[in-house]
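See structure below.
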Amino acid sequence: MKPEDVNVCVIRIEGTNCEDEMAGAFEMMGAKAEKVHLKQLIGQVPAGLGRSLEDYDVLAFPGGFSAGDYVRAGAIFAARIKAGLGSEVKRFVESGKPVLGVCNGFQILVELGLLPAFDEVMSDRPQAALYTNDSGRFECRPTVLRNDSRGKCVFASAIPKKALLAIPSAHAEGKLMSADPDFVSKLEDNDQVVFRYVRPDGSDADYPWNPNGSPSDIAGICNPAGNVLGMMPHPERVMTRFTHADWTRGYSLEEGDGKAVFDSVMQYLEKF
């Protein structure tokens, strides 16, 4: 599949506020990205405005505060998807098509049961949650991620193993937790840990380099098949060096670190 043939559905509802950046990131890669309201996919719009999920090659959940983050971050959006679009989303994932969730999108994927999805494509109940940051406040700051994927995740396939990426974070509920005491070990055994927070020298993170207190410094995970990625930091915000926090220190026209995530998925789609 050529880049210009790739159709991306950037799904949104009220409260989503990062859809422009997400769509723009895919468009920078040559793909066609459409910002689609959930109502367009479940038939709650006038004739001619409806959309079908099966017409898209990528599904992207952008950041924001969907439905005001009431109940739990991402919970209402996820419930509405399950009620009106659950079977279509499940088939989308089963087909091997990529699904990306960033920040609030990660929270939605966890609430949907698409992550970590240890035993099935979409679990009936959430197996984890993104809890309030240890600091008790919204954290908007530079973070450094290390690619700890061993090769499973399609969104990290073009990133060298153990490479460091400067990707900004902006969230209040990013601490990935589970009632399962073996949660982290299961993720590690299944090669589902994709990104970890680290210090700039690559060593283990502490606050503020781990901005939320997530155990094992986990910043992003994938499903067992590797085609669903959820991550708290925002790769779509650093597609060029111009938007890096340190761009004034020797600014150049080099690619931003976030572009590697989108390079990876586009290379994966070339095989379709």
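The values are calculated or read from the model by the stated rules, or taken from the named source; none is laboratory data. Computed from a predicted structure; not experimentally measured. Methodologically, a virtual Cβ is constructed for each residue, glycine included, from the backbone with ideal geometry; neighbour enumeration extends over all protein chains shown.
A quick yes/no check of all residues on (1) more than 30 Å from D246 (Cβ to Cβ); (2) outside any loop (DSSP other than H, G, I, E, B):
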site	(1), (2)
L115	yes, no
P160	no, no
A166	no, yes
P208	no, no
G213	no, no
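Go through the residues of region 70-80 one by one and say whether even a single one is more than 26 Å from R51 (Cβ to Cβ) and either among the charged types (D, E, K, R) or buried (at least 16 other Cβ atoms within 10 Å of the Cβ) (or both). Checked against the condition, which is being more than 26 Å from R51 (Cβ to Cβ) and either among the charged types (D, E, K, R) or buried (at least 16 other Cβ atoms within 10 Å of the Cβ) (or both), region 70-80 yields at least one hit. Here K271 clears all of (1) part of a loop (DSSP other than H, G, I, E, B); (2) in contact with a helix residue (DSSP H, G or I) (Cβ under 6 Å, 6 or more places away or on another chain); (3) of a type in the set (K, R) except the condition numbered (2).
Evaluate the following for D206: is it acidic (D, E), surrounded by fewer than 17 Cβ atoms within 10 Å (Cβ to Cβ), on the phi < 0 side of the Ramachandran plot and modelled with pLDDT of 95 or more? It is true that D206 is acidic (D, E), surrounded by fewer than 17 Cβ atoms within 10 Å (Cβ to Cβ), on the phi < 0 side of the Ramachandran plot and modelled with pLDDT of 95 or more. Of the listed requirements (1) modelled with pLDDT under 95; (2) part of a helix (DSSP H, G or I); (3) not hydroxyl-bearing (S, T, Y), A73 misses just one: (2).
Tell me, which residue of region 25-49 that is among the small types (G, A, S) and in a loop (DSSP other than H, G, I, E, B) is nearest to V10 (Cα to Cα)? Don't jump to the end; show me each part of the working.
Of the residues in region 25-49, the ones among the small types (G, A, S) are 25, 30-31, 33, 43, 47-48.
Keeping just the survivors that are in a loop (DSSP other than H, G, I, E, B) gives 30-31, 43, 47-48.
Details: G30: 15, A31: 12, G43: 17, A47: 21, G48: 19 Å.
The residue in question is A31.
Can you find a residue in region 219-238 that is at pLDDT 95 or above, farther than 22 Å from G63 by Cα, within 18 Å of the chain's Cα centre (by Cα) and among the hydrophobic types (A, V, I, L, M, F, W, C)? Can you show your working first?
Taking region 219-238 as the starting set, the residues that turn out to be at pLDDT 95 or above are 219-238.
Keeping just the survivors that are farther than 22 Å from G63 by Cα gives 224-225.
With the extra rule that they be within 18 Å of the chain's Cα centre (by Cα), the set shrinks to 224-225.
Still in the running and among the hydrophobic types (A, V, I, L, M, F, W, C): 225.
Yes, region 219-238 contains at least one residue that is at pLDDT 95 or above, farther than 22 Å from G63 by Cα, within 18 Å of the chain's Cα centre (by Cα) and among the hydrophobic types (A, V, I, L, M, F, W, C).
Any chance region 47-60 includes a residue that's within 13 Å of the chain's Cα centre (by Cα) and under 23 Å from C140 (Cα atoms)?
Looking only at region 47-60, we keep the residues that are within 13 Å of the chain's Cα centre (by Cα), and these are 58-60.
Narrowing the set further to residues that are under 23 Å from C140 (Cα atoms) leaves 60.
Yes, the conditions are met somewhere in region 47-60.
Working only within region 246-263, note down all residues that are touching a residue at least 24 places away in the same chain (Cβ under 8 Å) and closer than 18 Å to A25 by Cβ. Walk me through how you get there before you give the answer.
Let us first name the residues in region 246-263 that are touching a residue at least 24 places away in the same chain (Cβ under 8 Å), namely 246, 257-263.
Hits for region 246-263 are D257, G258, K259, A260, V261, F262, D263.
In region 133-150, how many are loosely packed, with under 15 Cβ neighbours inside 10 Å and either at pLDDT below 95 or more than 19 Å from V193 (Cβ to Cβ) (or both)? Going through region 133-150 one residue at a time, the tally reaches 6. Quick check on G101: is it within 24 Å of M232 (Cα to Cα), surrounded by 22 or more Cβ atoms within 10 Å (Cβ to Cβ) and not β-branched (V, I, T)? Considered against the rule, which asks whether it is within 24 Å of M232 (Cα to Cα), surrounded by 22 or more Cβ atoms within 10 Å (Cβ to Cβ) and not β-branched (V, I, T), G101 comes out as yes. Per the conditions (1) within 16 Å of E173 (Cβ to Cβ); (2) assigned to a loop (DSSP other than H, G, I, E, B); (3) in contact (Cβ under 8 Å) with a residue 12 or more places away in the chain, the sole criterion not satisfied by A67 is (2).
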